[in-house]
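**Student:** Structure in structure tokens, see below.
The values are calculated or read from the model by the stated rules, or taken from the named source; none is laboratory data. What you are looking at is a predicted structure, and each value in this text was computed from that prediction instead of being measured. Ideal geometry is used to build each Cβ from the backbone, glycine not excepted, and the neighbour counts take in all protein chains shown. What goes into the accessible areas is simple: the full protein's heavy atoms, side chains included, and nothing from ligands, DNA or RNA. Shrake-Rupley method; radii C 1.70, N 1.55, O 1.52, S 1.80 Å.
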Amino acid sequence: MIGRAARAGRGVTRRRSGAGHVLATWTTLALSCAFPSAAWAEALPEALARAYQTNPQLNAERARQRATDENVPQALAGYRPQIVASLSAGLQSVRNLLPNNTIQTADLKPWIIGVTVTQTLFNGFRTANGVRAAELQVQSGREALRNVGQGVLLDAVTVYTNVLANQSLVEAQRSNVAFLRETLAVTQRRLNAGDVTPTDTAQAEARLNRGLADLNAAEVALAVSQATYAQVIGNAPSQLRPAEAVDRYLPKSREDAMTMAIRQHPAVMAASFDVDVASTNIRIAEGTLLPSATIQGSASKSRNNDPTLGTFAEDQASIVANVTAPIYDGGQAAAQTRQAKEITAQSRLVLDQVRNQARTAAVSAWVANEGARIAVSASESEVKAATVALQGVQREAAGGQRTTVDVLNSQADLIQAKARLIGAQRDRVIASYTLLSAIGHLDVKTLNLNTPDYLPEVHYHQVRDAWHGLRTPSGQ
């Protein structure tokens, strides 16, 4: 009877293998999906391209960068003239008491119109330094945008492989439940024939219930991963294709990974630009202690029908040069300068900290990637050995040398080994992309994704020299 159970179990396994492999792998072992094959399937590069285009977090960061670009034309406005027009008009009732006790009244309608043009000639180099600081902020913002893009792409890889892994776990648990149902049915028939005790039946039933619970947990995890996939990618997962590691883009040694991380990671480069911004702000603060020179031209026309005045109209035009030099402002400029110097020192320390973090992240990612390789190899060997062991236990049980619980234990070992292999293969893919992110190369260009690369400099050049206009380049 146990021999028939073993053959039935192997028959179930063969039928499952015909429908689709229980194990889904992304490199050497095929990772199956829990759904039937479809005419269209979504590969990882396609999911990454969609996330790059539609992810709200990334699009919000792009909008933030476009807003940062506007700091440059605001700073450049300091080079340009300021033109102000003015107009005043009104009604005025006048009652005058003259020396001869005569009362004079009048209803007046005075008005004046004028225009003033002011051009800064020198302001302690604050405009030039302000432009430089704004441009450095743009550079820092671009690196911050690139860093967010890396994070979004890594999240997309994670959710993609999680869905694949959970689909495979569900399929593995379904195969396990089918095996346990068949084992319970065979054990029940043997109990009715008097070959086994009720203990064997209870053990088989307990394992079946455990398998059902594990299947339910796997289905719940799959549903959660599918919802997270829709959040990050922008659409619900369809038929997903196997994913592969990106070893061809990775550095050859740990030292190369560290060097690339501290030189090319966007967080490091952004922190470096922040140091330059802080240094420029020192010169801006010091500029308030220097003289300022402006030239102002104005023209005005006024009318007044007051009979007591000697004139009824007045036209004026003037050009005035103005030079001011600060003598003492209560210590405000000095305090701002000292503050800017302390902020610069802080920025340098932050840069050192970010470099250390990038170096540590690169080492961690390198070690994790190498460890994932070993874990995959070990898990594959474990699955092969567990499969052979189960077959051997089934044959021994058919010869009366093993009990039902031995078969159940061997099946549990195999399912656990398969689950570990699925997790190891998932971790292997994620680890390779994590290392690519740690060295600052997880981007559209490196991965050669089929999507246009977002170029923040396009918007920058559209608005940098704009003298007027309320609409954004996109028409908003």
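**Student:** Want the number for residue 115 to residue 328: 0.36 nm per residue separation, take away the alpha-carbon distance, what's left? List each step's numbers first, then the result.
**Tutor:** Working: separation 213, 0.36 × 213 = 76.68 nm, distance 3.27 nm.
Length gained between residue 115 and residue 328: 73.4 nm.
**Student:** A follow-up question, please. Considering only DSSP states other than H, G, I, E and B, which trypsin sites (Lys or Arg not before Pro) in the range 246-326 qualify as loop sites with at most 11 other Cβ atoms within 10 Å?
**Tutor:** Qualifying residues, ordered by number: 252.
**Student:** What aspartates and glutamates does residue 445 reach when the alpha-carbon gap must be under 12 Å and sequence neighbours fewer than 8 apart in one chain are set aside?
**Tutor:** 453
**Student:** So, one more: Rank by packing, highest mean first: peptides 150-158, 198-206, with packing defined as the count of other Cβ atoms within 10 Å averaged across residues.
**Tutor:** 150-158, 198-206
**Student:** Scan around residue 304 for amide H atoms under 5 Å from its own, H built in the peptide plane at 1.01 Å from N, and keep only partners 5 or more places away or cross-chain.
**Tutor:** 313
**Student:** Mind checking the full-extension length gain between residue 384 and residue 92? Use 0.36 nm per residue of separation minus the Cα-Cα distance, one decimal, nm.
**Tutor:** Extra length available between residue 384 and residue 92 comes to 94.9 nm.
**Student:** Given points 7 Å out from each Cα along the Cα-Cβ axis, report the residue 231 to residue 122 separation in nanometres with one decimal.
**Tutor:** Taking the two extended label points, one gets 5.9 nm.
**Student:** Run lengths n ≥ 4 of DSSP H only: what is the helix-derived mean residue ellipticity at 222 nm for the chain, with -39500 (n - 2.57) per run over all residues, to the nearest 500?
**Tutor:** Numbers: 12 runs with 300 residues, N = 476.
Computed ellipticity for the chain at 222 nm equals -22500 deg cm²/dmol.
**Student:** Using a Förster distance of 30 Å, how high is the FRET efficiency between residue 178 and residue 374, based on the Cβ-Cβ distance and rounded to 0.05?
**Tutor:** Step by step, r from the Cβ atoms, then E = 0.40.
**Student:** What are the ³J(HN,Hα) values, in whole Hz, obtained from phi via the Karplus relation 6.51 cos²θ - 1.76 cosθ + 1.60 with θ = phi - 60°, for each residue of the range 410-423 in sequence order, with x given for Gly and Pro?
**Tutor:** 5, 5, 5, 4, 5, 5, 5, 5, 4, 4, 5, 5, 4, x
**Student:** Please work out the FRET efficiency for the pair residue 67 and residue 188, using the Cβ-Cβ distance as r and a Förster radius of 60 Å; give the result to the nearest 0.05.
**Tutor:** Working: r = 70 Å, r/R0 = 1.17.
Here the calculated transfer efficiency is 0.30.
**Student:** Spelling out what I want: for every residue of the range 221-230, take phi, set θ = phi - 60°, compute 6.51 cos²θ - 1.76 cosθ + 1.60 (Karplus), and round to whole Hz; glycine and proline get x.
**Tutor:** 4, 5, 4, 5, 5, 5, 5, 5, 4, 4
**Student:** Can you give me the accessible area per residue for the range 228-288, using a 1.4 Å probe, in Å²?
**Tutor:** That works out to 47 Å² per residue.
**Student:** At a Förster radius of 30 Å, what calculated FRET efficiency corresponds to the Cβ-Cβ distance of residue 41 and residue 213, to the nearest 0.05? It would help to have the intermediate numbers written out before the result.
**Tutor:** Numbers: r = 31 Å, r/R0 = 1.03.
Working from the Cβ atoms, E equals 0.45.
**Student:** How do the peptides 135-146, 441-452 rank, highest first, by the average count of neighbouring beta carbon atoms within 10 Å per residue? Each step should come with its number before you reach the end.
**Tutor:** On the way: 135-146: 20.7, 441-452: 15.7.
By packing density, highest mean first, the sequence is 135-146, 441-452.
**Student:** Can you compute 3J(HN,Hα) from phi for each residue in the range 344-358, using the Karplus curve 6.51 cos²θ - 1.76 cosθ + 1.60 with θ = phi - 60°, rounded to whole Hz and x for Gly and Pro?
**Tutor:** Going residue by residue, I get 5, 4, 4, 4, 5, 5, 5, 4, 4, 5, 5, 4, 5, 5, 5 Hz, with x marking Gly and Pro.
**Student:** Continuing with the same structure: Enumerate the residues in the range 339-356 having an amide nitrogen under 20 Å from the point lying 7 Å beyond the Cα of residue 255 toward its Cβ.
**Tutor:** Zone members listed by number: 356.
**Student:** Along the Cα-to-Cβ line of residue 290, 7 Å from the Cα, sits a label point; which residues in the range 322-352 have backbone N less than 14 Å from it?
**Tutor:** So the set is 324-326.
**Student:** Counting only chymotrypsin sites (Phe, Trp or Tyr not before Pro) that are in a DSSP loop and have at most 10 other C-beta atoms within 10 Å, tell me the longest site-free stretch of the chain.
**Tutor:** In the chain, the maximal stretch lacking such sites is 41-327.
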